[in-house]
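Here is the structure we will look at, set down as structure tokens.
The values are calculated or read from the model by the stated rules, or taken from the named source; none is laboratory data. Everything numeric in this text was worked out from a predicted model, so none of it was measured. FYI the Cβ positions are ideal-geometry reconstructions off the backbone, even for glycines, and counts take in every protein chain you see.
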Amino acid sequence: MRILVTGGAGFIGSHISTQLLTRGDDVAILDNFVNSSPLVIDRIEAITGRRPEVLTVDLLDLAATTAAFRGFSADAVVHCAGLKSVAESVAHPAAYYRANLVSTLNVLDAMSATGVDALVFSSSATVYGDADTMPLDESVRTGIGISNPYGRTKHMIEQILADEASVRSTLRFVALRYFNPIGAHPSGLIGESPTGTPNNLAPFVTQVAIGSRDHVTVFGDSYPTPDGTGVRDYIHVMDIADGHLAALDRLRPGFAVYNLGTGQGRSVFDVIRGFEQTVGSPIPYRVAPPRRGDVAVSYADPSKAARELDWAASRSIDEACADAWRWQSMNPDGFAQRS
Ligand code: WQD
């Protein structure tokens with residue numbers, strides 16, 4: 001298949017692109033590189049022996065987006081591009097709505113102008129808001145109690161895709177709701193490279209372990225959980241990538257949603273301990289008050305994807321910690337060049 005991956009140079013997109021190239025698909029990475037590095041392309045080539053086509057385009061530019069789509073003739077689009085900082089989205093809501101919503105509308109326009117009818121969208125478990133029936137399955141109501149604009153853009157985009165697919169019978173759309181992606185490609189050549197201070201737990205922990213930061217701040221230790229810290233469903237990014245391949249292989253007319261999670265909840269202390277074992281030394285932490293907008297517990301019921309996509313996460317959290325640590329050790333500054 002020929003797959004156009006928007007945001008294909010980012011953390012998730014680069015792993016999806018790598019897995020697609022590895023299995024023999026043709027890939028075009030469409031990216032504006034605002035939050036990613038062109039070095040990723042060389043690394044993907046080093047891993048796979050194949051160089052993806054690169055379309056340096058801003059999805060807010062409809063004419064350029066349509067021209068890029070016309071030049072590649074994709075069988076399907078994997079739409080990962082978007083801004084993803086929860087804190088930035090609270091500080092700059094309009095910019096987030098524009099970046100994530102308008103870019104998606106432009107992807108849909110470009111698909112329709114060039115005759116592409118298949119799309120897999122990067123959604124998020126954040127669409128479940130403050131739902132507290134655990135595990136979360138796809139029938140749980142979404143959109144209630146989402147605490148930030150970033151999360152609301154994911155929910156709105158799901159609604160846009162559902163509405164479009166309901167009136168155009170040729171469309172085959174899927175939204176994959178990622179739980180908490182961690183880890184890296186086992187080669188250590190690609191991984192998560194946040195700009196500035198990491199918002200997410202795992203990259204923060206590996207930056208402490210490598211000595212770039214002095215301690216992890218644990219946001220809350222009196223949640224109603226076994227050890228008092230927040231519980232999440234951490235899933236290896238390679239499993240997330242493989243979930244996209246499975247979804248692409250089983251696209252059907254209409255709109256479908258699937259959780260991509262392991263079904264296992266792990267606490268912040270579990271994650272810190274997992275990295276301590278991998279790294280072989282203690283990881284300093286300090287407990288601070290809970291972070292605004294955080295829920296106590298979130299983990300998936302991943303059985304729908306197992307049933308309908310024949311996909312299940314297969315990599316352990318220890319493997320994810322080991323792979324994340326290999327990436328961090330081999331690239332202490334991520335994709336940023338040390339001057
Ligand atoms: C995980 C746990 C924190 C950082 C967010 C978005 C979601 C998705 C992934 C991204 C929580 C705790 C964290 C730290 C900590 N989107 N924590 N110290 O909040 O589940 O999900 O990121 O693109 O949509 O909402 O993930 O990694 O930020 O936090 O104690 O420095 O770790 O409180 O319990 P989260 P996270």
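Quick notes on this one:
- Unmet criterion (only one of (1) more than 13 Å from the ligand (Cβ to nearest atom); (2) closer than 23 Å to ALA87 by Cβ) for PRO302: (2)
- Taking the range 138-236 and the strands (runs of 3 or more DSSP E) fully enclosed by it, the elements with 2 or more residues that are in contact with a strand residue (DSSP E or B) (Cβ under 6 Å, 6 or more places away or on another chain) and near the ligand (Cβ under 9 Å from one of its atoms) are at 180-182, 216-219.
- Hey, VAL287 at pLDDT 95 or above, part of a strand (DSSP E or B) and near the ligand (Cβ under 10 Å from one of its atoms) or not: yes
- Residue match in the range 256-279 (condition: of a type in the set (Asp, Glu) and within 14 Å of VAL120 (Cβ to Cβ)): no
- Test result for LEU260, buried (at least 21 other Cβ atoms within 10 Å of the Cβ) and farther than 23 Å from SER85 by Cβ: no
- Residue check, ILE272 under 22 Å from VAL237 (Cα atoms) and either surrounded by 14 or more Cβ atoms within 10 Å (Cβ to Cβ) or of a type in the set (Lys, Arg) (or both): yes
- Residue in the range 242-259 that is among the hydrophobic types (A, V, I, L, M, F, W, C), in contact with a strand residue (DSSP E or B) (Cβ under 6 Å, 6 or more places away or on another chain) and within 13 Å of the ligand (Cβ to nearest atom) present: no
- The set of residues in the range 65-93 that are of a type in the set (Phe, Trp, Tyr) and either crowded, with 22+ Cβ neighbours inside 10 Å or farther than 17 Å from GLY7 by Cα (or both) contains only PHE69.
- Residue match in the range 110-125 (condition: free of Cβ contacts under 8 Å to residues at least 24 places away in the same chain and surrounded by 15 or more Cβ atoms within 10 Å (Cβ to Cβ)): yes
- Taking the range 12-26 as the range and being crowded, with 24+ Cβ neighbours inside 10 Å and out of contact with any strand residue (DSSP E or B) (no Cβ under 7 Å at 6 or more places or on another chain) as the test, the residues that pass are SER14, HIS15, THR18.
- Filtered residue count, the range 274-304, keeping only those that are in contact (Cβ under 8 Å) with a residue 24 or more places away in the chain, within 23 Å of ASP318 (Cα to Cα) and of a type in the set (Asp, Glu): 1
- Some residue of the range 109-131 being hydrophobic (A, V, I, L, M, F, W, C), in a loop (DSSP other than H, G, I, E, B), within 16 Å of the ligand (Cβ to nearest atom) and more than 17 Å from ALA9 (Cβ to Cβ): yes
- Check on VAL295, in a loop (DSSP other than H, G, I, E, B), modelled with pLDDT of 95 or more and either surrounded by 17 or more Cβ atoms within 10 Å (Cβ to Cβ) or under 21 Å from the mean Cα position of the chain (by Cα) (or both): yes
- Any hit, the range 194-205, residues being out of contact with any Cys (no Cβ under 6 Å at 6 or more places or on another chain) and either closer than 24 Å to ARG250 by Cβ or acidic (Asp, Glu) (or both): no
- Given (1) touching a residue at least 12 places away in the same chain (Cβ under 8 Å); (2) assigned to a loop (DSSP other than H, G, I, E, B); (3) more than 19 Å from the chain's Cα centre (by Cα), index of the condition PHE335 fails: (3)
- You will find that of ARG177, ARG172, ARG98, the residue that is crowded, with 17+ Cβ neighbours inside 10 Å and under 20 Å from the mean Cα position of the chain (by Cα) is ARG177 and no other.
- All of ASP333, ASP249, ASP233 fail the test of being within 24 Å of GLU88 (Cα to Cα) and exposed (fewer than 14 other Cβ atoms within 10 Å of the Cβ), apart from ASP333.
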